[in-house]
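Enquirer: What follows is a structure written as structure tokens; I'll ask about it next.
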Amino acid sequence: MKFITDRKRAIGMGSAKSGTGHFWAMKVSSVALLILIPLFVFTFGSVVGEDYNTVREYYSHPFPAIIAILTIIVSLEHFQSGAQVLIEDYVHGLSKKISIILVKCLSYGLMATGVFAVAKLAF
Amino acid sequence: MSNVNNSNRPLSPHLTIYRPQLTSVTSILVRITGNALIVGALLSIWWLIAAATSPEYFELANGVMTSWFGKLVMLGSIWALWYHTLGGIRHLIWDNAIGLDLPTAYKLGWAVVIGSFILTAITVCVL
């Protein structure tokens, strides 16, 4: 008697390994970024190059700070997914695994740094 | 995969054999712009953490940001951002199996290229 179904035996054996989860995550984050990116470009862009006090004052307001935090989180999440696909296409073997880990470290490191910076400016 | 004979198998034509087409060039540019945006992200987040740290550190980061190098990175990033955004919209359209025929694909391709420059010009004028 077999305890494992045919479907269970087949899951994960295809080239994609994990179905369409990665693809769908990129679609969801891309739609979110369609809203966030224009808002971020025109809020962040309006204070880049301004003096220290202007920048601190601007990011003490909720709207630009919340937009910046959301954009930092969603865009770097989108980046680490996309960069992973880039690596999977051109790098193979152990180098692929190391490269993907490094990209995730960079993405989440930048994400935490950015959120910390905006939070510190806001409070 | 150790028993795969790589040297003795027919190869499909390599990328370098094809003449570049609007569809292939606009496609690879979506990938290039998306990944290159990490440079602008690094500079922007460094600038933010500097602003959150001290006036002296901010002076340094803001100096780099407003130098010719910083301006070049930011201008390039604005274009890359709009190009990648429009390219992404094109993919969201294609995902519904709409606009995949060649005439529409070419129209969408030109819309992405021309649109990215128009949006960049608008952004530079507004900011």
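Enquirer: Report, ordered by the first and then the second residue, all pairs with beta carbons closer than 8 Å, sequence separation of six or more or different chains, a first member in the stretch B:6-20 that is part of a loop (DSSP other than H, G, I, E, B), and a second member that is modelled with pLDDT of 75 or more.
Expert: The qualifying pairs are B:Tyr18/B:Ser24.
Enquirer: Which members of the stretch B:100-114 meet the condition of being more than 13 Å from B:Val30 (Cβ to Cβ) and surrounded by 14 or more Cβ atoms within 10 Å (Cβ to Cβ)?
Expert: Residues satisfying the conditions are B:Ala105, B:Tyr106, B:Ala111.
Enquirer: Right, here's the next one. Condition first: surrounded by fewer than 20 Cβ atoms within 10 Å (Cβ to Cβ), more than 14 Å from the chain's Cα centre (by Cα) and more than 8 Å from every other protein chain (Cβ to nearest Cβ). Can you find one or more residues in the stretch B:73-88 that meet it?
Expert: Within the stretch B:73-88, not a single residue is surrounded by fewer than 20 Cβ atoms within 10 Å (Cβ to Cβ), more than 14 Å from the chain's Cα centre (by Cα) and more than 8 Å from every other protein chain (Cβ to nearest Cβ).
Enquirer: Any chance the stretch A:107-122 includes a residue that's under 17 Å from B:Thr85 (Cα atoms) and of a type in the set (Val, Ile, Thr)?
Expert: Within the stretch A:107-122 (the criterion being under 17 Å from B:Thr85 (Cα atoms) and of a type in the set (Val, Ile, Thr)), the answer is no, since none of the residues qualifies.
Enquirer: I'd like the residue in the stretch A:104-121 that is within 9 Å of chain B (Cβ to nearest Cβ) and of a type in the set (A, V, I, L, M) and, out of all such residues, is farthest from the chain's Cα centre (by Cα).
Expert: Selected residue: A:Leu121.
Enquirer: Ok, one more. Just need a number here: residues in the stretch B:75-100 that are over 20 Å from B:Ile122 (Cα atoms) and part of a helix (DSSP H, G or I).
Expert: 5
Enquirer: Let me ask something else. I want to confirm something. Restricting to the stretch B:28-53 and keeping residues that are more than 9 Å from chain A (Cβ to nearest Cβ) and free of Cβ contacts under 8 Å to residues at least 60 places away in the same chain, which single residue is farthest from A:Ser75 (Cα to Cα)?
Expert: It comes out as B:Ile28.
Enquirer: Here's a follow-up. Name the pairs: first residue in the stretch B:106-127 and closer than 23 Å to B:Leu72 by Cβ and within 14 Å of chain A (Cβ to nearest Cβ), second residue of a type outside the set (S, T, N, Q) and outside any helix (DSSP H, G or I), Cβ to Cβ under 9 Å, at least 6 apart or on different chains?
Expert: B:Leu127/A:Val48
Enquirer: Just the residues that are without any contact (Cβ under 8 Å) to a residue 40 or more places away in the chain and small (Gly, Ala, Ser), please, taken from the stretch A:66-123.
Expert: A:Ala83, A:Gly93, A:Ser95, A:Ser99, A:Ser107, A:Gly109, A:Ala112, A:Ala117
The values are calculated or read from the model by the stated rules, or taken from the named source; none is laboratory data. Just so it is clear, the structure is predicted and the values come from calculations on it, not from any experiment. So basically every Cβ, Gly included, is an ideal-geometry build from the backbone, and we count neighbours across all protein chains shown.
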